[in-house]
Amino acid sequence: MTKEEFKNLFLKLTEYTIPFGHEDKIQNLLPSGFKKDSVGNYYYQIGESKTLFTTHLDTYSQDYEKVNHVIDQTNSYIIRTDQTTILGGDNKLGCTILISMIKDNIPGTYYFFIGEEPILSGGLFGSSEALKSNPEFFKQFDRCIAFDRKEFGSIVVRQMGRMCCSSDFAKSIADEFDIRGIKWDSTKGFGYYTDTAVFMDIIPECTNISAGGFFEHFKKEWVDLNYTYQVYLAAKEVDWEKLPVKRELETRFSKEESKIDKYIGFNNSRISSEIDELMKMIDLSKTRDISKEGVRHLTYSRWLQDFDLDIYLKSGKIIVNDETMDLNLFKSYLVSEFKDDIFDEIQYNKQLKNYKMVQKIIKTFNLKASSSR
């Protein structure tokens, strides 16, 4: 596809905002030969491939509205709006890349999901429902790729507080892109979530790649199609099947009844609930909860940092870094290790005038009111 054809496709895809429930209105812009699954997602299968390419058709909007494009006078591949609506580059940039790759007959399975944005669907609707309805179909893939990442040079290695792909996999993509003129910024590898996160428990390597969009979800959104087109040219040349598959799949959540004494299991569950509340106060999210042979393994993580706190519960006791403690000692441990985070949460809730939460944090961690800054 020529650069001008690529641009015109993007302009057609973003002619209107596409809220959840309106995705069929751009069906005519998809290449012929698509299939629809039971959820309403569109997909294509080209050749023999263990690569799943994904994008989403909906935009972060509540209404189906006409978009008024504003094309930069000095660079006609910089596209904005008149700021009465969003542009919808998230993720029509990804759609444009995938449609172009389909037309080039690049091997892979291409999935166009509905309802990825949370504003109406709750988020990740099409991908979650597709996995739920047909898990065996998605287990065939070794890698899941979305061009659904903001700005330039990012290859996401961590989302939803977990490693979503191996460093070897990300570096291999970076190397392939580098020889085609696209530089990798390894500091931008931390994301929140997109459809690829749905498949982290069944597909080893899952990532999102920058596609040249800025200020997604806002009316000041703009895109640089010069970069997007460069990504497309690189993507169609990469031999995706030869990329390394290194990340090991693991069960992250399993709360099956333990066969050990029920009293011990009860104590572990009670303490786990209290730990959950403590973690919320220092902005850590649970990313693992596994029970095995009387030991409950909890992991709490930061979404935008490479940080995990592993906690083990055994016989009603808490074990952190091989040190056994009760709940009070654990609170003291949190104060010593996460003091700044606790105070940041206090200040954040003060700004929100949520004084009940401020008092709760102070009381929970036995802090002096005067020490809460």
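Within the stretch 266-324, the residues that satisfy the criterion of being hydrophobic (A, V, I, L, M, F, W, C), surrounded by fewer than 17 Cβ atoms within 10 Å (Cβ to Cβ) and outside any strand (DSSP E or B) are 266, 304, 307. Elements of the type strands (runs of 3 or more DSSP E) sitting completely within the stretch 19-85 and holding at least 2 residues that are assigned by TED's automatic domain parsing to the domain that holds residue 137 and farther than 26 Å from residue 124 by Cα: these cover 69-71, 78-81.
Looking at 98, 124, 87, 120, just one residue is of a type in the set (A, V, I, L, M, F, W, C) and in contact with a helix residue (DSSP H, G or I) (Cβ under 7 Å, 6 or more places away or on another chain), and that residue is 124. When the stretch 17-33 is filtered for residues that are in contact (Cβ under 8 Å) with a residue 40 or more places away in the chain and either closer than 17 Å to residue 103 by Cβ or buried (at least 16 other Cβ atoms within 10 Å of the Cβ) (or both), the ones remaining, listed by number, are 17, 18, 19, 20, 22, 23, 29, 30, 31.
Among the residues of the stretch 132-149, those that are in contact (Cβ under 8 Å) with a residue 24 or more places away in the chain and surrounded by fewer than 20 Cβ atoms within 10 Å (Cβ to Cβ) comprise 133, 134, 135, 138, 139, 140, 142.
The values are calculated or read from the model by the stated rules, or taken from the named source; none is laboratory data. Quantities reported herein were computed from a predicted structural model and do not represent experimental measurements. No Cβ is skipped: glycine too gets one built from the backbone with ideal geometry, and neighbour counts run over all protein chains shown.
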